[in-house]
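Below is one structure; the comments refer to it alone.
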Amino acid sequence: MDALIVALLFCRPTRFSYPALMRSRIRRCTTVASLLACVTAPSTLLAQSLRGDLTVDNSFAAYLSTSVGTQGTQIASGTNWTTTYSFSGVSLTPGETYYLQVRGVDVGVIAGFLGDFTLDGAFQFANGTSFLTSNTSDWFASATGFGLAPQTPGMHGLNGASPWGTRPNIDASAEWIWTEDGCIHCTRYFWTSITPAAQIPEPMTQLLLGAGVIGLVVIGRRRRGA
């Protein structure tokens, strides 16, 4: 509403208007409108999506859910831990809370989940940023299902650790994680939250708006003085 008032004041007609002046005002108003649209446009107009790179020893399926205890829509899967599986362009609805879920299946003695994930738009992971790796701080693990009997996963080395070696396209700080119960031939569940990020504070928006309008006024005066 404040932006609309500024635009109206800046573009107000005068009783001395004539065709050339009116055309100039129309062009100026269009410029101001464009500026206001850019400065005050909500982040919801930007792309809101999730992408990631991951692997699990031995196989996995990844899901995106709006309920921590409900398996969501599958967004990726893999059956060979030596391969890094990537996904991108998973759309997020502005203002919604999501849960990134990974179901890992082990068919031997050694097991682990490794990955990194990125958010585009006004969302954040459990660590408060738009980038997250597999780690023991921001993920929950369970032996029974998503959202059930959550526990802190154990860390079994960074990307590059033996016996897996370095998995390509996954951040070096990513940790191999799994439950600490030493399970063999088992399925384990991992999840982390994705929440709407805080918007730009109103004072900052007003500052940007004011600076832009002042700049247009200065340009207009220079043109009239030329």
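General remarks:
- Boolean, S142 is under 19 Å from the mean Cα position of the chain (by Cα), modelled with pLDDT of 95 or more and surrounded by 13 or more Cβ atoms within 10 Å (Cβ to Cβ): no
- Qualifying residue in segment 161-168 (condition: surrounded by fewer than 17 Cβ atoms within 10 Å (Cβ to Cβ) and touching a residue at least 40 places away in the same chain (Cβ under 8 Å)): yes
Let's see how each residue does on (1) at pLDDT below 50; (2) closer than 28 Å to W176 by Cα; (3) surrounded by fewer than 16 Cβ atoms within 10 Å (Cβ to Cβ):
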site: L36; (1), (2), (3): yes, no, no
site: L46; (1), (2), (3): no, no, yes
site: V56; (1), (2), (3): no, yes, no
site: S59; (1), (2), (3): no, yes, no
site: T66; (1), (2), (3): no, yes, yes
site: T73; (1), (2), (3): no, yes, yes
site: S77; (1), (2), (3): no, yes, yes
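- Scope segment 169-190; condition hydrophobic (A, V, I, L, M, F, W, C) and either crowded, with 20+ Cβ neighbours inside 10 Å or modelled with pLDDT under 95 (or both); matching residues: I170, A174, W176, I177, W178, C183, I184, F190
The values are calculated or read from the model by the stated rules, or taken from the named source; none is laboratory data. Remember, it's a predicted structure, so these values are computed and weren't measured experimentally. As a convention, Cβ positions derive from the backbone with ideal geometry for all residues, glycine included, and neighbour counts pool all protein chains shown.
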